[in-house]
Amino acid sequence: MEKVKCGRPVAVIGSYAVGMTIACGHFPAAGETVPGRNFEMMHGGKGSNQAVAAARLGGNVLFAGCVGCDSFGDMCMDLMKEEGITGSYIVRSETGRSTGVGLIYVNEEGENEIVIDLAANEELSAGDIDRMVPALKECSLVLMQLEINMDTVIYTAEKCRELGIPFVLNPAPYRQMPEKLPGLCDYLIPNQTEARLMLGLDARSEISDEEAASRIWEMGAGCVIMTLGADGALIVDKTGMTKVDGIRVNAVDTTGAGDTFCGSFCVALAEGKDTKEAVALAVKAAGLSVTKYGVIQSIPYRKEVDSIG
Ligand code: ADP
């Protein structure tokens with residue numbers, strides 16, 4: 001059945017990749033071949049995950065990214081259709097690059113080794129963003145991550161600033177970014193590791209979360225929301241710092257929690273909720289997501305989130 005979504009769209013611009021997981025007794029050494037089992041292929045990419053989260057939370061969502069002219073690219077288009085997401089701004093690589101892929105080995109201890117080729121994702125260009133401008137003008141906000149070309153992220157952030165469209169950035173996975181980028185963000189949503197890395201610190205630095213969040217805010221973003229795993233999230237803006245507690249759940253797999261958080265947060269903002277209310281919704285949705293295995297399978301629907309009060 002056709003899903004009809006109301007309200008001004010949330011634009012999610014970012015990556016799509018296919019993740020392929022295979023379990024093995026031990027990781028292969030150089031030159032070694034080891035038997036694997038339980039092969040699984042799933043939708044991934046932080047952009048696409050966040051778009052799905054936003055759609056399941058009830059948002060009218062537009063997703064833009066670049067995929068290959070291959071069956072994995074078709075999987076992306078199918079996913080968008082299934083989730084009721086507008087995919088008409090997804091472009092296909094013009095240079096023959098494949099859709100993004102991630103290869104994941106999981107050993108008996110549950111540790112993983114991951115190799116990612118962003119491939120076509122890196123081709124989303126300023127020109128593609130320009131072609132979207134009429135659609136972006138109708139959007140309530142734009143949400144991006146750092147799994148595509150950094151120049152395209154900067155270009156989009158500047159375009160949003162010029163057009164007066166709120167720009168939300170999840171600086172994940174962490175990459176060195178130009179100094180001006182935080183200042184172009186209306187909302188910047190790092191997790192604890194990304195926040196430390198953004199400050200040039202070791203990922204395990206003992207700086208307090210409060211200090212890290214304040215120092216990130218001083219880099220120029222309108223509002224910093226630092227996610228704290230089970231502890232919830234810290235909000236820092238010009239009015240000060242607020243903490244929103246996490247929900248208590250039986251966590252089985254936290255992969256994708258940050259993506260669920262970002263997508264849900266943006267839907268709540270698009271609905272006109274204030275920052276704290278939006279974080280409260282995101283904390284609930286992300287908390288529910290860690291109670292199930294996987295990423296896409298674990299992203300909850302609005303009904304489930306609202307039912308936990
Ligand atoms: P990431 O997934 O990017 O590493 P976090 O671990 O900070 O980010 O998680 C994002 C959000 O997911 C948190 O703000 C919280 O709302 C929720 N969350 C993560 N882990 C748990 C947990 N164990 N229990 C409850 N909520 C969680």
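Tabulated data for the structure shown
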{"read-out": "Spans of helices (runs of 4 or more DSSP H) in region 203-309 with at least 3 residues within 13 Å of the ligand (Cβ to nearest atom)", "value": "209-217, 257-270, 275-289"}
{"read-out": "Residue pairs meeting the criteria (Cβ under 7 Å; at least 6 apart or on separate chains; first part of a strand (DSSP E or B), in region 27-48; second of a type in the set (Gly, Ala, Ser))", "value": "36/23; 37/23; 38/23; 42/19; 42/294; 44/17; 44/19; 44/102"}
{"read-out": "Qualifying position, being over 21 Å from residue 7 (Cβ atoms) and among the hydrophobic types (A, V, I, L, M, F, W, C), among 278, 268, 286", "value": "286"}
{"read-out": "Options 169, 163; residue that is under 18 Å from residue 46 (Cα atoms) and either open to solvent by 40 Å² or more (accessible area, probe 1.4 Å) or within 20 Å of the chain's Cα centre (by Cα) (or both)", "value": "169"}
{"read-out": "Elements of type strands (runs of 3 or more DSSP E) contained in region 71-159, each with 1 or more residues being touching a Ser or Thr at 6+ places or on another chain (Cβ under 9 Å) and of a type in the set (Phe, Trp, Tyr)", "value": "100-106"}
{"read-out": "Cβ pairs under 7 Å, 6+ apart, first in region 188-210 and farther than 19 Å from residue 243 by Cβ, second open to solvent by 50 Å² or more (accessible area, probe 1.4 Å) and more than 16 Å from the ligand (Cβ to nearest atom)", "value": "199/215"}
{"read-out": "Any hit, region 51-64, residues being in a strand (DSSP E or B), touching a residue at least 24 places away in the same chain (Cβ under 8 Å) and surrounded by fewer than 20 Cβ atoms within 10 Å (Cβ to Cβ)", "value": "no"}
{"read-out": "Region 158-208, residues that are more than 18 Å from residue 238 (Cα to Cα) and of a type in the set (Asp, Glu)", "value": "158, 162, 179, 194, 202, 206"}
{"read-out": "Residue 237 being of a type in the set (Asp, Glu) and surrounded by 15 or more Cβ atoms within 10 Å (Cβ to Cβ)", "value": "yes"}
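The values are calculated or read from the model by the stated rules, or taken from the named source; none is laboratory data. The shown structure was predicted, so the numbers you read here are calculated from the model rather than taken from an experiment. No Cβ is skipped: glycine too gets one built from the backbone with ideal geometry, and neighbour counts run over all protein chains shown. Only protein heavy atoms, including side chains, enter the accessible area calculation; ligands, DNA and RNA are left aside. Shrake-Rupley method; radii C 1.70, N 1.55, O 1.52, S 1.80 Å.
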